[in-house]
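Only one structure is covered here, and it is reproduced in the block below.
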Amino acid sequence: MELLKRYSISFGIAGVLLYFFTIWVEKQHENNMPHNLTAKIEEIVTIILPVKRYFEKCLDLSESQELQYGFDSQAPLSFNLHYHQKGEINYTFKEDSIDELENTFQPVKRGYYCFQWGNSGKEKVEMNYHFKILKRTSVND
């Protein structure tokens, strides 16, 4: 019984230390890398966006790449393409009510760029989105 008590105390202390260490690491790396970063260079997806919810997908893009993207939905959604810099959100594209879009984006610097859709409607919305990351033929385009 004494052995069980010692192990329980040791695991409890280790768990508490690990918990606070994790919080400290997250604070040190806040806004550095999005939690929903994908490594894919191409994707075609259909999602159901619940009422009063948002969906975000982030990509690692450099100035030598070009992003082709688009979506269509059953009802208007809010949509933006943004990146985080020093705790601030910078929008490269933003619409409050849009149900379809085809666009191309050429980043001027490397960063984590995120698509974000929001459903402020009264019903869930089905949405199809796609993106493809290409190599730019010329960085000065």
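The values are calculated or read from the model by the stated rules, or taken from the named source; none is laboratory data. A quick note: this is a predicted structure, and the numbers were derived from the prediction, not measured. Glycine gets a Cβ as well: all are built from the backbone with ideal geometry, and neighbour counts include every protein chain shown.
Values for this structure:
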item	result
Where a residue in the range 70-82 is under 13 Å from Phe55 (Cα atoms) and its partner, wherever it lies, is basic (Lys, Arg) and part of a strand (DSSP E or B), with Cβ under 7 Å and at least six apart	Asn80/Lys94
Set Asn32, Asn36: member being within 22 Å of Leu134 (Cα to Cα), of a type in the set (S, T, N, Q) and at pLDDT below 90	Asn36
Any hit, the range 129-139, residues being surrounded by fewer than 16 Cβ atoms within 10 Å (Cβ to Cβ), modelled with pLDDT of 95 or more, farther than 18 Å from Ile47 by Cα and of a type outside the set (Val, Ile, Thr)	yes
Phe71 aromatic (Phe, Trp, Tyr) and touching a His at 6+ places or on another chain (Cβ under 8 Å)	yes
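Matching residues to (1) surrounded by 13 or more Cβ atoms within 10 Å (Cβ to Cβ); (2) not assigned by TED's automatic domain parsing to the domain that holds Phe131:
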| residue | (1), (2) |
| --- | --- |
| Leu17 | no, yes |
| Phe21 | no, yes |
| Glu42 | no, no |
| Lys57 | yes, no |
| Glu88 | no, no |
| Ser97 | no, no |
| Thr104 | no, no |
| Gly111 | yes, no |
| Gln116 | yes, no |
